[in-house]
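Down below is the structure, laid out as structure tokens.
The values are calculated or read from the model by the stated rules, or taken from the named source; none is laboratory data. This is a predicted model, so every value here is computed, not measured. Every residue, glycine as well, gets a Cβ built from its backbone with ideal geometry; the counts of neighbours run over all protein chains shown. Areas reflect the complete protein model, heavy atoms only, side chains present, ligands, DNA and RNA absent. Shrake-Rupley method; radii C 1.70, N 1.55, O 1.52, S 1.80 Å.
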Amino acid sequence: ICKPAEMEKLMENDVFMAFSTYAAIVILKMMLMAPMTAYYRLTRGAFANDEDVSRKPAEERKKLLRAHPDVERVRRCHQNDLENIIPFVVIGLLYALSGPELSTALLHFRLFTGSRIFHTIAYVGALPQPSRGLSWMLGMLVTFSMAYRVCMYMYL
């Protein structure tokens, strides 16, 4: 059980506070992908479920129940966020608790956050490769770097 005094001490830890800030930023970015998907569905007239178009005439329903490349692009970007941001948050928490130097931790957190924001811009904006691939790779390397640090900390 975490005692109030221990929580207060944790909230005074600069690395933990930095992690909390950057984790909140990327989680919020990921959460905004759902409304973005809805926006693209509405503006492109491309829906996935019968109940989404149930009030439309039968002929119009057939036209609206379809996939659209723009909607699928946003959905894949959201899926990629789920695959990368969740591991970052879990590993980043363990990393923050392992006592890294503040400057090193900030570098990790900022690189990851920047790479995920750029990844979304590159994916949704259909920027030419390797822009999206490089931003994805940078985020993965940051997460692996933190995981390595956590594993080494456990054996020291």
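Here the Gaussian network model covers the chain, with springs between Cα atoms less than 10 Å apart; of Met33, Met140, Met11, Met11 fluctuates the most.
Scanning the chain for GluC sites (Glu not before Pro) lying in DSSP loops with no more than 14 further Cβ atoms inside 10 Å, the longest uninterrupted stretch between such sites is 13-100.
Expressed as a whole percentage, what fraction of the accessible surface of segment 4-155 belongs to carbon and sulfur atoms when a 1.4 Å probe is rolled over the protein heavy atoms?
Of all accessible area on segment 4-155, carbon and sulfur atoms account for 65 percent.
Using the heavy atoms of the protein chains alone and a 1.4 angstrom probe, what is the accessible area of the chain per residue in square angstrom?
On a per-residue basis, the chain sits at 63 Å².
Taking 0.36 nm per residue of sequence separation and removing the Cα-Cα distance, the Glu72/Leu93 pair yields an extension gain of 4.4 nm.
Fully extending the segment from Leu141 to Leu102 would add 12.2 nm, taking 0.36 nm per residue of separation and subtracting the current Cα-Cα distance. If you run the Gaussian network model on the chain, springs between alpha carbon atoms under 10 Å, then out of Met30, Met137, Met146 the most flexible one is Met137.
With each label modelled as a point 7 angstrom along the Cα→C-beta vector, the Lys56-Met152 pair spans 5.5 nm. Under the convention that each Lys and Arg Cβ holds +1 and each Asp and Glu Cβ holds -1, the size of the dipole of the chain around its Cα centre is about 620 debye. A Gaussian network model of the chain, with springs between Cα atoms under 10 Å, assigns the largest mean-square fluctuation among His68, His119, His108 to His68.
Annotation: amide H of Ala46 has no partner in the under-5 Å range at sequence separation 5 or more or interchain, hydrogens built in the peptide plane. Once the Cα atoms are used to define both axes, helix 131-154 deviates from the longest principal axis of the chain by about 30 degrees. Full extension of the chain segment joining Glu12 with Asn49 gains 8.5 nm, where the gain is 0.36 nm per residue of separation less the Cα-Cα distance.
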